[in-house]
Amino acid sequence: MSQNPKLITGMGAALVDLFAHVTEAELTALGSPKASMSLVEPRQSDDMQEKLHVHERQPGGSIANSIAGIAARGVPSGFIGKIGDDALGAVFTDAFARANVRFPVTPMDAQPTGHCLVLVTPDAERTMHTVLGASVTTSAADIDAALLADTGLLFGEGYLWDSPSARTAFLTAADTVREAGGKVAFSLADGLCVARHHADFLALLDSHIDILLANEAEITALLGTDDPADVAEKLAPHNLLAAITHGSHGAHLCAGATRAHVPAQNIADNEIVDLTGAGDQFAAGFLAGLHQGKGMEDAAAMGIDAASDVIRHIGPRPPLDQAAS
């Protein structure tokens, strides 16, 4: 990609993370299996919050986290997603406004803003309860034509396929961006998501995707292997660039017959504060680098830098006062 003045626009779940410290006894009393992630109804989340002290609210959502990271690197950015007309929706929109991310949205009354109640025990383990709410209602009607016209790279996630209306909206937006000469990047989201939509995701490799991002578990769910050589061989017939992260072993890249490996940084265990958001920020650095005209290895190095930075502090996004680089 050449230096691109257009936006990188993400489409994904608009969520707010609610953090509450709990004792082991309190977690047991709530009946929550430790370290699990479960989907709950709004009333269930409200009932739990009445029994706890939510001490922090942070905007979240995988693609939204990546877009925040991209914006922190000085790349013009936008986001397509859905929120409720409520206080948590304001938390989400305010963070993007302060980061100069374009987010034209009409909040809805029928569903609350999606959120994740994160219960943190003294051992730092996290048990999560997610209310999807408005986040799964995104539809083609929520796509702002002016935002899409200014988009040079559209970035979506596998979770969109769990909502028929969001899936249709993404495919519509992807067609529009590609027809205008732009690119489309896609994150596989997680292994279970790939299992749910395996045939659809395989079909996407030849129809709507220019850039594929995944980790070891996700690419294994899609292709049956995470061996870098085998992955590269299986993806070679498809006209796309892939970046597969392998944790502390760095990232493996392939584009047709071209293959590369970028090692991870050496980080001492006592420097690692919170692994949340490492994948999101790798995507941020990688896509920002490609959008700025860097080759795939240099872009992956930017992604590894971004991931290495975010795990040194609490939360999945760069601080808002981080200088663009």
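Some values worked out for this structure:
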{"quantity": "All positions within the stretch 92-119 that are β-branched (Val, Ile, Thr) and in contact with a Ser or Thr (Cβ under 8 Å, 6 or more places away or on another chain)", "calculated": "VAL101, VAL105, THR113, VAL118"}
{"quantity": "Only one of GLY224, GLY156, GLY181, GLY191 that is out of contact with any Ser or Thr (no Cβ under 6 Å at 6 or more places or on another chain) and in contact (Cβ under 8 Å) with a residue 40 or more places away in the chain", "calculated": "GLY156"}
{"quantity": "So LEU205, is it under 14 Å from LEU223 (Cα atoms), in contact with a Leu (Cβ under 8 Å, 6 or more places away or on another chain) and either free of Cβ contacts under 8 Å to residues at least 60 places away in the same chain or not β-branched (Val, Ile, Thr) (or both)", "calculated": "yes"}
{"quantity": "Tally of residues being more than 30 Å from ALA29 (Cα to Cα), of a type outside the set (A, V, I, L, M) and buried (at least 18 other Cβ atoms within 10 Å of the Cβ) across the stretch 108-143", "calculated": "3"}
{"quantity": "Complete set of residues in the stretch 66-87 that are under 19 Å from the mean Cα position of the chain (by Cα) and farther than 26 Å from ASP305 by Cβ", "calculated": "ILE80, GLY81, LYS82, ILE83"}
{"quantity": "Yes/no for PRO33 being surrounded by fewer than 17 Cβ atoms within 10 Å (Cβ to Cβ) and under 12 Å from MET128 (Cα atoms)", "calculated": "yes"}
{"quantity": "Hey, THR93 under 17 Å from the mean Cα position of the chain (by Cα) and assigned to a loop (DSSP other than H, G, I, E, B) or not", "calculated": "no"}
{"quantity": "Condition met for PRO104 (of a type outside the set (Gly, Ala, Ser), at pLDDT below 95 and either out of contact with any His (no Cβ under 6 Å at 6 or more places or on another chain) or outside any loop (DSSP other than H, G, I, E, B) (or both))", "calculated": "no"}
{"quantity": "Cross-chain or 6+ apart pairs with Cβ under 6 Å, the stretch 35-59 first and over 20 Å from ALA124 (Cα atoms) and at pLDDT below 90, then among the hydroxyl-bearing types (Ser, Thr, Tyr) and surrounded by 15 or more Cβ atoms within 10 Å (Cβ to Cβ)", "calculated": "LEU39/THR130"}
{"quantity": "Number of the exception - GLY133 against (1) over 30 Å from PRO5 (Cα atoms); (2) touching a Leu at 6+ places or on another chain (Cβ under 8 Å); (3) of a type outside the set (A, V, I, L, M, F, W, C)", "calculated": "(2)"}
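The values are calculated or read from the model by the stated rules, or taken from the named source; none is laboratory data. Source: prediction; values computed, not measured. As a convention, Cβ positions derive from the backbone with ideal geometry for all residues, glycine included, and neighbour counts pool all protein chains shown.
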